[in-house]
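Data first, discussion second: the structure below is written as structure tokens.
The values are calculated or read from the model by the stated rules, or taken from the named source; none is laboratory data. Owing to the predicted nature of the structure, the values given are computational and were not obtained by experimental measurement. Glycine gets a Cβ as well: all are built from the backbone with ideal geometry, and neighbour counts include every protein chain shown.
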Amino acid sequence: MSKGGHEPVKASHLPEGDAIRILLEQHARVRALFADVREATGAHRQETFDELRALLAVHETAEEMVLRPTSAKVAGREVVDARNAEEAEATRMLKDLERLDVRSVEFDTLLAALEQAVLQHADSEEREEFPRVVAALDEEARTDLGKQILAAEAIAPTHPHPSTAGSTGAQWALGPFASIVDRTRDTLKGLLRS
């Protein structure tokens, strides 16, 4: 048994569109992207890091906006507060990392620290939070939650915003505005690379 009292859930055991399956698949993608960033060089390293940064930003925003209110009911406030605090710290680290040159030693050092923090956070979600959501909600409710997560990700900021991290209320109040700025910035940066 896990510390949370439930066995970890596997994405392949859940139906397509299930909120927990979506999040578990994103966790797998995050793990792969960390490895890709470590191994990449040149412009590809920057592009891979940009993909990782955007995925982490939208993933955490959606979790805070959509999943955490449900988790507070089924896993408890202590679990939610711990996950939100971890996300806030990772967001600060990601913001610092975003400012560094991907070729620098400082980038490598901070990337390793961020990877460790993010993977520990994902493991805690997978052991303490996700199994409780699966146990408490039926398939239809989790699929509805999955639709909400995907909708939140579609409008979520693509860059870290430490002032909103770890707060459902701040994500709802400021996230959509930050998203407009981030997505405009991403588009302009993409045009400059072309």
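Search segment 35-47 for residues being surrounded by fewer than 20 Cβ atoms within 10 Å (Cβ to Cβ) and in contact with a helix residue (DSSP H, G or I) (Cβ under 6 Å, 6 or more places away or on another chain), and hand back the single one that is farthest from Glu140 (Cα to Cα).
Here is the first cut: in segment 35-47, the ones surrounded by fewer than 20 Cβ atoms within 10 Å (Cβ to Cβ) are 35-36, 38-47.
If we keep only those that are in contact with a helix residue (DSSP H, G or I) (Cβ under 6 Å, 6 or more places away or on another chain) as well, we get 36, 40.
Details: Asp36: 35, Ala40: 40 Å.
Out of the qualifying residues, it is Ala40.
Just give me the residues in segment 68-97 being free of Cβ contacts under 8 Å to residues at least 12 places away in the same chain and basic (Lys, Arg), in sequence order.
The answer is Arg77, and nothing else.
Looking at segment 5-48 only, could you name the residues that are β-branched (Val, Ile, Thr), in contact with a Lys or Arg (Cβ under 8 Å, 6 or more places away or on another chain) and farther than 21 Å from Leu111 by Cα?
Ile20
Could you identify the single residue in Ala165, Ala85, Ala122 that is under 16 Å from the mean Cα position of the chain (by Cα), at pLDDT below 95 and either surrounded by fewer than 18 Cβ atoms within 10 Å (Cβ to Cβ) or in a helix (DSSP H, G or I) (or both)?
Ala85
Could you list all residues from segment 108-119 that are over 14 Å from the mean Cα position of the chain (by Cα) and either surrounded by 20 or more Cβ atoms within 10 Å (Cβ to Cβ) or under 13 Å from Glu87 (Cβ atoms) (or both)?
Residue satisfying the conditions is Leu111 alone.
Name the pairs: first residue in segment 98-117 and without any contact (Cβ under 8 Å) to a residue 60 or more places away in the chain, second residue part of a loop (DSSP other than H, G, I, E, B) and surrounded by fewer than 18 Cβ atoms within 10 Å (Cβ to Cβ), Cβ to Cβ under 6 Å, at least 6 apart or on different chains?
Filtered contacts from segment 98-117: Glu106/Leu100; Phe107/Leu100.
Out of the residues in segment 88-107 that are of a type outside the set (Val, Ile, Thr) and outside any helix (DSSP H, G or I), state the one that is surrounded by the most Cβ atoms within 10 Å (Cβ to Cβ).
Filtering first and then ranking leaves Leu100.
Taking the condition of being more than 14 Å from the chain's Cα centre (by Cα), among the hydrophobic types (A, V, I, L, M, F, W, C) and surrounded by 23 or more Cβ atoms within 10 Å (Cβ to Cβ), how many residues in segment 50-79 meet it?
Qualifying residue count for the region: 1.
Which residues, taken from segment 125-141, are surrounded by 21 or more Cβ atoms within 10 Å (Cβ to Cβ), over 13 Å from Glu63 (Cα atoms) and in contact with a Pro (Cβ under 9 Å, 6 or more places away or on another chain)?
Pro131
Looking at segment 73-106, which of its residues are touching a His at 6+ places or on another chain (Cβ under 9 Å) and among the acidic types (Asp, Glu)?
Hits for segment 73-106 are Glu86, Glu87, Glu89, Glu98.
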